[in-house]
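The values are calculated or read from the model by the stated rules, or taken from the named source; none is laboratory data. Computed from a predicted structure; not experimentally measured. Note that each Cβ is placed from the backbone with ideal geometry, even for glycine, and that neighbours are counted across all protein chains shown.
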Amino acid sequence: MLDRAGIAARIPHQGAMCLLDAVVDWSETAIFCRAVSHADPANPLRADNRLGAAVGIEYAAQAMAVHGALLAATDERPRRGYLASVRAVALHVDRLDDLPGELVITAERLSGDGNHILYQFAVGHAGRCLVEGRAAVILDADKENPS
């Protein structure tokens, strides 16, 4: 298990932008995280006094970032990943901030090579899927096109 401080040490998101509270479990192909920041009135992604369901994609992206960092060799710095696209996204609720308790965030690596990774993700609450889809991540995208 990895706590919030351990997560923040591995991803570029700091302070209130670090949305995840714990990594519950992970393997070579998947990660399972928990978060309660969706209910925080000071969540930096709130707009018009609400946290829309599409923000679940950012929760999943941070889970993917932590997963990549955990997979990196301990003596190397994790590579910076960029969310290149999301596909087949389904929002099963309008908002996340009105849900009490924890969100469960899962990301499963479906395929990938040295620079491109495809994940399937889901954000759930109390056994119900709230947001799901697939995301393509490009590692070190700034190095692929030096112009």
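For the reader, a short list of remarks on this structure follows.
- The lone exception for G112 - which of (1) modelled with pLDDT of 95 or more; (2) among the small types (G, A, S); (3) within 21 Å of G133 (Cβ to Cβ) it fails: (1)
- Residues in the stretch 59-109 that are at pLDDT 95 or above, farther than 19 Å from A30 by Cβ and of a type in the set (D, E, K, R): D94, R95, D97, D98.
- Counted residues, the stretch 106-124 - those being surrounded by 20 or more Cβ atoms within 10 Å (Cβ to Cβ) and of a type outside the set (F, W, Y): 4
So that you can scan it fast, the table gives a plain yes or no per residue for (1) touching a helix residue (DSSP H, G or I) at 6+ places or on another chain (Cβ under 8 Å); (2) surrounded by 15 or more Cβ atoms within 10 Å (Cβ to Cβ); (3) not in a loop (DSSP other than H, G, I, E, B):
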| position | (1), (2), (3) |
| --- | --- |
| H13 | yes, yes, no |
| V23 | yes, yes, yes |
| C33 | yes, yes, yes |
| G56 | no, yes, yes |
| A61 | no, yes, yes |
| A90 | no, no, yes |
| L99 | yes, yes, no |
| V104 | no, yes, yes |
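- Scanning the stretch 1-11 for residues that are surrounded by fewer than 19 Cβ atoms within 10 Å (Cβ to Cβ) and assigned to a strand (DSSP E or B) gives a single hit, D3.
- Residue list for the stretch 39-54, restricted to those being under 17 Å from the mean Cα position of the chain (by Cα) and either on the phi > 0 side of the Ramachandran plot or surrounded by 16 or more Cβ atoms within 10 Å (Cβ to Cβ) (or both): A39, N43, L45, R46, L51, G52, A53
- Selection of the stretch 26-40 for residues being touching a residue at least 24 places away in the same chain (Cβ under 8 Å) and of a type outside the set (K, R) yields W26, E28, T29, A30, I31, F32, C33, A35, V36, H38, A39, D40.
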